[in-house]
Amino acid sequence: MTLVDTSMLQSLRSQRKWSEVYNRIPETRLLYDPKDDNMNELQDAFYAGIVTSSPRTYAERICNYHNIDMPVLCAYHDTRNHKPHPEPIYYACEQVGIDPKKTTYIGDSIDDMHSILNAGGVGVYIGPKLESAAVKELNLIEDRFLYIPKYPLEGILYDHMLFLN
C-alpha cells in the first residue's frame, strides 16, 4: 500500500495496459484524510516528497487525481539505479537541496528501508509483518530503523513519503 490504495490496478500495471490503468484511476482511494491537520503541519515543517518505483506518468496521474501536491517526486525512470540502491533517495534530496542523512523515509518494503538506510537516513517501516531475520538485519544499521508492524489507514504515517529537513 502507498498514499493511495491502487491494488485494484496492480494486475493491469503488471500487464502494462496503461490506457486501461489510467481509465481506472477513479477506482483508487486515498489512505489518509487530506484535511488531516497533522499532515498539514508536517508539510509546513518539512519538505515532503514521494519516491516510488512506479513510472512518472502513472505517479503524476494518481497524485493529480487525488490532489496530492508534493514538491518532490522521484519515479522509476528518474534514476539509473532503483531501490534498494540509495540513488532514488539521493535524487529526491538533490531536488530540494537536502542532506540525505537528515531524511526520514516511511515505506512498506525491505527495499524501501535499504534505500534510505544506504543513503544514511532514517527508515520507518510500516507494513506487513517482517521475518525476524529481516528486522534483525535492518536493526543492525546504526539504530536508524523503526519497525511498526501494522499499517495504519488513518493518521500521519504514510508509505513512500519522504520527509526532509
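Read the figures in this text as sums done on the coordinates, not as results from a lab. Note that the structure is a prediction, hence the values are computed from the model and not measured. Cβ coordinates were reconstructed from backbone atoms using ideal geometry, including for glycine residues, and neighbour counts include every protein chain displayed.
Counting Lys and Arg as +1 and Asp and Glu as -1, what is the net charge of the other residues whose Cβ lies under 10 Å from the Cβ of S115?
So the surrounding residues net to -2.
Got a sec? Which residues in segment 73-117 would a label at E131 touch, if it sits 7 Å along Cα→Cβ and we count backbone N under 14 Å?
110-111
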